[in-house]
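Here, each number is a calculation from the coordinates, and none is a lab measurement. From a predicted model like this one, the values you see are computed outputs, not experimental measurements. Glycine gets a Cβ as well: all are built from the backbone with ideal geometry, and neighbour counts include every protein chain shown.
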Amino acid sequence: MKIFSWLMTVIVASTLSFSSFANPKKIGYIVNYGTHEWYQNVIFGLQSRADELGIDFEVMDANLDINKQTAMAEDFMTKAVDVLIMTPVNEEGVVPILRKAKADGTPVVLEGNPAKGMTTLFAICDYDAGYKAGDAVGRILVSRGETEARVMDVGLPLLSATVLRSLGFMEAIAKHVDAVKVHELDGSGMIDSSVEVASAALAADSNINVIYGINDGSALGGLQAWRAAGLPENDLIVAGTGAEGLAFLNEMTKENTPYLVEAAMFPEGVGYTGMNLAVDLFNGVDVPEHKVTPTLALTVHNYANYYSFDKAGQTRQINFENVANIPTETKCTKYASDL
Amino acid sequence: MLKYFKSNESILFFLLIILCIFLSFYNPQFYSIQNINSILRSSSTVMIVAFGMTILLTSGEVDLSVGALMSFVTVIVMDVINISGSLFLGFLAVFIFCLMIGLINGLVRTMLNVNSLIATLAMMLILQGSVYIYSMAAIYNTHLLPFFTFIGQGFVFKIPMPVIIMLFILPFFIFLLNYTKYGRYFTAIGSNPSSSSLSGINNNKFKILGFVITSLLVGVAGIILASLMDTGQQGSAKGFELIVIAAVLLGGTSFKGGSGTVIGTILGILILKVIDNGIILMRIPQEFQLVVPGVILILAVYFDTLRKEKNV
Amino acid sequence: MSNKFESLSLQNIRKEFPGVLALDNVSLKAEAGKVHALMGENGAGKSTLIKILSGAYTKDAGNILFNGKEINITSPNDSLNYGIKVVYQEISLIPEFTVGENIFLEKFPLNRLGAIDWKKLYDDCEKLLQGIGFNLDVREKVANLSISEQQIIEIARAIFQNASVVVMDEPTSSLTPKEIDKLFQVIERLKNNDISIIYITHKIDEIFKIASDVTVLRDGKFISHRNINDTSEEILIQDMVGRKVDQKFERPLNTFSEVQMNVKNLSTLSKLDNISFKLHRGEILGFFGLMGAGRTELAKAIFGYDKILNGKIEIQGNVYEKFNTQTMVNNGIGYVTEDRKGEGIINDMNLRENMSLPSLGLFEKFLIINKVKEKKLANQYIEKFEVKTPSSERLITLLSGGNQQKILLSRWLLRELKIIILDEPTRGVDIGAKTEILKLINDLAKDGLSVILMTSEMNDLLSLSDRIIVMAGGKISKEFSKDIATQEEIFKAAAI
């Protein structure tokens, strides 16, 4: 794979040298919450692609502070970056930055959430990611001869993105078997709060055969609550979302684990796609308003195509090529506005 | 009605009973072993840390760094056991680390004379930041030692292990606060520091001790949490310090120091946790998990003042 | 007030709290241009009466007449509207404001533009202060003034607010004799301005100087109203205490040989400068000094509460240069503070716990405190000192000042003690308890205890002390033996 990417770099570089396009020299990225595993991997993807293209790439962390993000954007403009990539801290707060960048002549690419006045955005489709996981779970249920999915949804009802995931998951399962959402929980996206709320919910009603988590922490929290309640794992299916870090790989590769499905969002792939989009924008190529990044339901059988996982060393290596080859929607099936 | 409740504990106990009766009417599942275990298990980590916080608040201090420390502990314990394969070394590392943090908190409070609200707030920020210096990524259980899993998730005679651990620690604190001179000293220091010093008590020594005890208890709670999550997770136990402090205050300990009981603290925690549980059982939007305890806390403190006024 | 103030009378006032009859049929008449003293032991009902006057409490029964007409006081506002102004023991001025700003706080004079007219404010203020015979820089910050000056500013504020009746609650308790004289001069001026003064005090000698009438309360009941010319100190004490009190005790001339404590060249950062003295076994060593002389600082430095800069303390052969309160307590030293509320009692504890705090080791067995033993000893001391309480388990805050002081004394006496440092042991203690405490000190010294007695009560100092050390400005200014000490000489030495 390394040889391949090296070859790719050579080919791409040589092609570019003959084309009229030139690579941007400097690209800046303002992440909204850089300490999170997801963004660590997004940054890794951006950096990987920037290295391949020989672009000087710099990251700043707004740490969920919109004022910081504004100041950092101005900083990047002063440094005269060729393209500015941003994950908005919030959708309103980023609008003045976009206006300022337009006046300054700095092209901006957004990640994750759209904002008024933006040119282009790269992001996953939350609904479709959830849907793919639900579809995979549905198939397993059918293969087991089950007719009903009783779901505990360890969600995050305050965010439209995570609500879309849950919705996609439920609607996909319903295509295969009867789907009942027994618990709709708020696990704050954190493993410890998820354990706590799921414990209480399971105490009230543990007649469940599917646990869905809107991210890896939520799914794992739900599963840990199940284990702490001493419930049998034979008939349970756990599905998580994100493939943010090593959590799902660790759990999925255990023997007899109920953690069977992961709606992978390939954060490294998101970064990789984003960098390409930034280069395109710089070169004046016609870019889509929303560039959808690949998602896929991973199971223990197919994950190795996309991630090589070193369990002892606790590292994972993404296969950018295979991820890039995943058939991807040009448009999401549902958006926040459809809720 | 107030005259029937001579002590804060009896008010809390009454409140707890009412809550339980109400919830069991609403959902008979409330009294299931599973549910009671779930309440007790999630109470136990709060209780363990709250024992220390009761001592601290009684002696007029507070520790805001417990949540951040707890999250740090989950990372350390998982990492050290992963590397060494030894539970003992993992625990040792945790307790040495906690001892150090407690000592620093205590010394900053007493030697540098920094208000503990500020000193431990600073420690909270330091811990929250430095846990990412220690490791950017969450640390997963690769040692797969069965006893480690047992600590948070296991049962003994159908009682969850965290509850058993809490019950092991509890008598020590009841004993300490009610039957030894140290309990009196903590009260004296919190109620009137000049007076206790003028009675020959070394205030600083006991304050440092309070911080160290609290940090060590956070070590215990953090190990339980790591086992329960099966992960060393940065940013876990978010807001834990506030739940602990709210429960201790609800239990009748004064923020100004001087009075506090372990039993009150336990009742305070049970009330908050039963409310949490009830909100999920009744399928009320979970945002109320923050709202209801806030309201109850204000009411409890108000009733306590009313009762004290009547007594005087 | 447009109509001239003549008199304010309280008639048959009754006030009941749950379980306590605080005031039972109490009457008092304050007349313009006169000082009416209100006396009684702690808990007699003085404060309740004042709080009814000031509108903090409402009376259950009885009448309040202003110039003979019945009025209603239901709030502090009502009270202020009738010109009733209470000057409390605790100063309620804003320290960072100037004298002028504090006096005119409620009603700053404004100029045409609506801004504060500072010139008028300070001019008026100067006139006002001169009117009561008081010269003071009106632009000075209150924080920089002495307590007595602050008290006078409080009074000036009352006058500015058109006071008809000024209630003074123990105004002299923290004043020096000189300051007291100044205050009395101000009171004379107020009398001349037809203001009536209700004067609350424990100090009997004061009322003979300024009051024309005296009313005594006891246990919430009206006991007597006498013209000052028809009464005497003995009669008043008997009225207050309800029995005859023997104020005399024997303290013959003694000589001492065995040195218990030797303080050498003690200095602190705060104030003390090279203090040296010896304390003998069984001796009562009196310390006198005006405010700021450094007595309390000395007590705290010896006891290890304040850090010492240099010097050392020798106690029975052991020399200490670095020590804390624990060291001193372990050496058999006890300290009773002048600030009972702030540094003495522990509010959240009952009598027993307050008493046993430094001595918990006595009741300890295998780390457990033997509460039965503890209670027994506590009750022994409660009985011995006739502390008025239903039980040792009562919260200490529910006791009167005198009884609290007895508990604080017991705190040290129940353990093995060699030296006791008493800082104003009779401050705020009513007369009955006071004589008991003084007698106790005498008895303790007879038993071999060394006593350091710091007091501003000249009579107590002279009658009890075997030697008297006078302090001024953080230094020892003079030492007197019992036989040559006189009030005049002591004041002279203190005023250096």
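Things to note:
- Scanning chain B for long hydrophobic helices, with DSSP H runs required to stretch 20 angstrom or more by C-alpha along their axis and to average at least 1.6 on the Kyte-Doolittle scale, returns B:8-26, B:66-84, B:87-110, B:116-134, B:161-179, B:262-281.
- Taking each residue as 0.36 nm, the span from C:K307 to C:Q11 lengthens on full extension beyond its C-alpha to C-alpha distance by 101.0 nm.
- In degrees, nearest ten, helix A:191-204 long axis to first principal axis of chain A (Cα): 30 degrees
- FRET efficiency, A:D235 to A:T299 (Cβ-Cβ, R0 22 Å, nearest 0.05): 0.80
- What the Cβ-Cβ distance of B:L117 and A:L64 gives, at R0 = 22 Å and to the nearest 0.05, is a FRET efficiency of 0.40.
- At q = 0.06, 0.13, 0.15 Å⁻¹, base-10 log of I(q)/I(0) for chain A (Debye sum, equal scatterers on each alpha carbon): -0.22, -0.97, -1.21
- Residue pairs, from the table C:K312/C:K475; C:K322/C:K373; C:K59/C:K182, whose Cα atoms sit over 24 Å apart: C:K322/C:K373; C:K59/C:K182
- In order along region A:169-177, the phi-based Karplus estimate (6.51 cos²θ - 1.76 cosθ + 1.60, θ = phi - 60°) of 3J(HN,Hα) comes to 4, 5, 5, 5, 4, 4, 6, 9, 9 Hz; Gly and Pro are listed as x.
- Members of C:K264/C:K434; A:K79/A:K116; C:K29/C:K51 lying beyond 21 Å, as alpha-carbon distances in this model show: C:K264/C:K434; A:K79/A:K116
- Each peptide in A:131-139, B:134-142, C:319-327 was scored by the mean count of other Cβ atoms within 10 Å over its residues; highest first, the order is A:131-139, B:134-142, C:319-327.
- Size of charge dipole - chain A - debye, nearest 20, with Cβ of Lys, Arg +1 and Asp, Glu -1, no other charges: 540 debye
- Region C:7-241: radius of gyration over Cα atoms, expressed as a fraction of 2.2 N^0.38 Å: 1.04
- Cα-based reach from B:K205 at 16 Å (exclusive), listing lysines while leaving out same-chain residues under 8 positions away: B:K181
- Top positive-direction residue, dipole computed over the protein assembly as shown with Cβ charges, set C:Q326, C:I228, A:S337: C:I228
- Put a dot 7 Å past the Cα of C:D483, heading toward its Cβ, do the same for B:T305, and the two dots end up 6.3 nm apart.
- With the simple spin-label model, which puts each label point 7 Å out from Cα in the Cβ direction, the C:D60 to C:R139 separation comes to 5.6 nm.
- Residues of region A:20-44 with amide N under 20 Å of the 7 Å Cα→Cβ point at A:Q317: A:41-44
- Taking other residues whose beta carbon is less than 14 angstrom from the beta carbon of A:K68, and scoring Lys, Arg as +1 and Asp, Glu as -1, yields -4.
- Farthest toward the positive end of the dipole of region C:7-241, out of C:I116, C:N135, C:L49, is the Cα of C:I116, where the dipole comes from beta carbon charges about the Cα centre.
- Count Lys and Arg as plus one, Asp and Glu as minus one, and take only other residues whose Cβ is under 10 Å from that of A:S193; the net charge is then -2.
- Separation of alpha-carbon centers, region B:124-173 and region C:80-149, rounded to whole Å: 63 Å
- Here the calculated FRET efficiency for A:K100 and A:A22, from their Cβ-Cβ distance with R0 = 22 Å, stands at 0.30, rounded to the nearest 0.05.
- Computed from point charges on the beta carbon alone (+1 for Lys and Arg, -1 for Asp and Glu), the dipole magnitude for region A:184-328 about its Cα centre is near 300 Debye.
- Taking region C:265-294 and a reference point 7 angstrom along Cα→Cβ of C:S146, the backbone N atoms nearer than 19 Å belong to C:288-294.
- Relative to the longest principal axis of the Cα atoms of chain C, the long axis of helix C:118-131 makes an angle of roughly 80 degrees.
- In terms of distances greater than 31 angstrom between alpha carbons, the cross-link table entries C:K341/C:K439; C:K85/C:K141; C:K384/C:K478; C:K178/C:K482; B:K256/C:K107; C:K46/C:K376 yield C:K384/C:K478; B:K256/C:K107; C:K46/C:K376.
- Qualifying GluC sites (Glu not before Pro) for region C:1-78 [loop in DSSP, other Cβ within 10 Å: at most 16]: C:E6
- Annotation for region A:50-91 versus region C:292-315: alpha-carbon center distance of 62 Å.
- Projecting the Cα positions of A:L231, A:A179, B:S59 onto the charge dipole of the protein assembly as shown (unit charges on Cβ atoms of Lys, Arg, Asp and Glu, taken about the Cα centre) puts B:S59 furthest along the positive direction.
- Cβ-based net charge around C:F108, under 11 Å, with every Lys or Arg adding one and every Asp or Glu removing one: -2
- Projected area averaged over orientations for region C:338-488, convex hull of C-alpha atoms, nm²: 10.4 nm²
- Basic side chains Lys and Arg get +1 at the Cβ, acidic Asp and Glu get -1 at the Cβ, and with that the dipole of region A:126-264 about its Cα centre reaches some 200 debye.
- Separation in nanometres of the label points that stand 7 Å from Cα toward Cβ, at B:I126 and C:R189: 5.8 nm
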